[in-house]
Amino acid sequence: MAKIRNPGVIGKALDEAVREMPDGRMYVYKDRTISFREVDEASDRVAAGLIKRGIAKGDRIGIIALNQPEWLYVYFAAAKIGAAVVGLNVRYRDMELEYMLNQSETKAVP
């Protein structure tokens, strides 16, 4: 799979970290160390999937998840394609979630 280029500051920061310390620890989740390279590669796959679903620069995508690696994969994928992230709380009630999605004009919740 082709490397998805990072247009903004967040994506460029990840690019720089991967270039300088690809196997460096980005974070630890449940005793598993996850490297900058792993986040970069996973977020490339997610970005490709978002693009296939029609998500483009300037679109808004929602993230509703607990603190887990997948949250960051989606976050960095959005940054790579220039989409904005709408953080959604897993504790929102249905009406709160509907309000947030409608007001923010969220295009997708992957």
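Please treat every number below as a calculation from the coordinates, not as lab data. In this text, all values refer to a predicted model and were calculated from it rather than measured experimentally. Cβ placement follows ideal geometry from the backbone for every residue including glycine, while neighbour counts extend to all protein chains displayed.
The single condition among (1) free of Cβ contacts under 8 Å to residues at least 60 places away in the same chain; (2) out of contact with any helix residue (DSSP H, G or I) (no Cβ under 8 Å at 6 or more places or on another chain) that Gly82 does not satisfy is (1).
Can you tell me which residue among Asp44, Asp15, Asp23 is of a type in the set (Asp, Glu) and outside any helix (DSSP H, G or I)? Spell out how you get there, then give the answer.
On the way: Asp44 fails: outside any helix (DSSP H, G or I); Asp15 fails: outside any helix (DSSP H, G or I).
After ruling out the rest, the residue left standing is Asp23.
The residue pairs whose first member lies in the stretch 13-29 and is without any contact (Cβ under 8 Å) to a residue 40 or more places away in the chain and over 20 Å from Ala78 (Cα atoms), whose second member is surrounded by fewer than 13 Cβ atoms within 10 Å (Cβ to Cβ) and polar (S, T, N, Q), and whose beta carbons are closer than 7 Å, counting only pairs six or more residues apart or on different chains, are Arg25/Thr33.
When the stretch 65-110 is filtered for residues that are surrounded by 12 or more Cβ atoms within 10 Å (Cβ to Cβ), over 9 Å from the mean Cα position of the chain (by Cα), in a helix (DSSP H, G or I) and among the charged types (D, E, K, R), only Glu96 remains. All but one of (1) in contact (Cβ under 8 Å) with a residue 60 or more places away in the chain; (2) surrounded by 17 or more Cβ atoms within 10 Å (Cβ to Cβ) hold for Gly49; state the number of the condition that does not hold. Only one criterion in (1) in contact (Cβ under 8 Å) with a residue 60 or more places away in the chain; (2) surrounded by 17 or more Cβ atoms within 10 Å (Cβ to Cβ) is unmet by Gly49, namely (2).
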